[in-house]
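This report concerns only the one structure given below.
The values are calculated or read from the model by the stated rules, or taken from the named source; none is laboratory data. Predicted model, so just to flag it, every value in this text is computed and none were measured. Virtual Cβ from ideal backbone geometry, glycine too; neighbours counted across all protein chains shown. Areas reflect the complete protein model, heavy atoms only, side chains present, ligands, DNA and RNA absent. Shrake-Rupley method; radii C 1.70, N 1.55, O 1.52, S 1.80 Å.
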Amino acid sequence: MTPRSRHRSPGEPAPRDAPGEVAEIFDGMLHHARELLAVRSPLDAELIVSEILGSWWGHRVPGGDVEEVIGEALVGHAERAATPAALALLTGIAYLGTPRQAVRAERAALKLMKRGVARPGWADRVGTVAPEQCFVSRDVYGDQDSIVCVYAYGGSERHALVVLVDRTKAETVPEPGRRRPRGGPSRPGRPRAAWCGTRGCRRGSTGCSTTAAPRAATTR
């Protein structure tokens, strides 16, 4: 199994080479990507790749969109490095990157595999995560919601994404488990924290490390 098949957009330009100072940063990212060779879980691999891709999230750079100037250049840099760590990073970007990054990462990964670069053990399972259950618990004052969503890879490697929503903040967040009527108001709230973990997530486990008894919520 190879990274997901995608097609190149018409008129898509060739990857840019990174300037010297950026190349040094990319070398550091590839050094970080060596951790991908030590993990066995696709979840751990996705978290590492997400951390790398998120290092420039929200930043601005001269000359274009940061996802193109930095993200797509990283793909080209990894292809030229042609190491197992570079292939592991490209495999992750093929699933987690922007559409343009994903197309280029998949093409580069296929080239490296044809050249005999070793694939990581989790490559066949990355990107296959599916939701299983979702729960919501609210404190007695109605000020905070804890949302716990349980995911798994083919029934194994269960883990939970936990989000804490502070309802005392002014931003609008849809009511858990409900569809907001078109044009209707939302309850105020702001996501204050989110984290992912595997402890306590078993089939039939409804708590997944929450302290209050959760209620089932509709996932959409």
**Request:** Output the qualifying pairs, or none if there are none: Cβ atoms under 9 angstrom, residues six or more apart or on different chains, first residue in the range 78-90 and free of Cβ contacts under 8 Å to residues at least 12 places away in the same chain, second residue open to solvent by 10 Å² or more (accessible area, probe 1.4 Å).
**Result:** 80/17
**Item:** the range 120-134 residues that are aromatic (Phe, Trp, Tyr), paired with ones that are surrounded by fewer than 19 Cβ atoms within 10 Å (Cβ to Cβ) (beta carbon under 7 Å, 6 or more apart)
**Value:** 122/39; 122/40; 122/41
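Filter the range 114-146 for residues that are in contact with a helix residue (DSSP H, G or I) (Cβ under 8 Å, 6 or more places away or on another chain) and surrounded by fewer than 16 Cβ atoms within 10 Å (Cβ to Cβ) and give the result. Let's see the steps before the verdict.
Going residue by residue through the range 114-146, those that are in contact with a helix residue (DSSP H, G or I) (Cβ under 8 Å, 6 or more places away or on another chain) are 117-120, 122-123, 125-129.
Across the range 114-146, the qualifying residues are 118, 128.
Quick one: in the range 148-157, which of the residues that are modelled with pLDDT under 90 and either assigned to a strand (DSSP E or B) or of a type in the set (Phe, Trp, Tyr) (or both) is least open to solvent (accessible area, probe 1.4 Å)?
Step one: filter the range 148-157 for residues modelled with pLDDT under 90, giving 154-157.
Adding the requirement that they be either assigned to a strand (DSSP E or B) or of a type in the set (Phe, Trp, Tyr) (or both) leaves 156-157.
Working: 156: 51, 157: 69 Å².
Looking at the filtered set, the residue picked out is 156.
Each row is one residue, and each column tells you yes or no for (1) modelled with pLDDT of 85 or more; (2) out of contact with any Pro (no Cβ under 7 Å at 6 or more places or on another chain); (3) in a strand (DSSP E or B); (4) not β-branched (Val, Ile, Thr).
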| site | (1), (2), (3), (4) |
| --- | --- |
| 88 | yes, no, no, yes |
| 91 | yes, no, no, no |
| 101 | yes, yes, no, yes |
| 119 | yes, yes, no, yes |
| 146 | yes, yes, yes, yes |
| 178 | no, yes, no, yes |
| 192 | no, yes, yes, yes |
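Pick from 107, 60, 80, 34: which is under 28 Å from residue 151 (Cα atoms) and open to solvent by 50 Å² or more (accessible area, probe 1.4 Å)?
Working: 107 fails: under 28 Å from residue 151 (Cα atoms); 60 fails: under 28 Å from residue 151 (Cα atoms); 80 fails: under 28 Å from residue 151 (Cα atoms).
Checking each option against the conditions leaves just 34.
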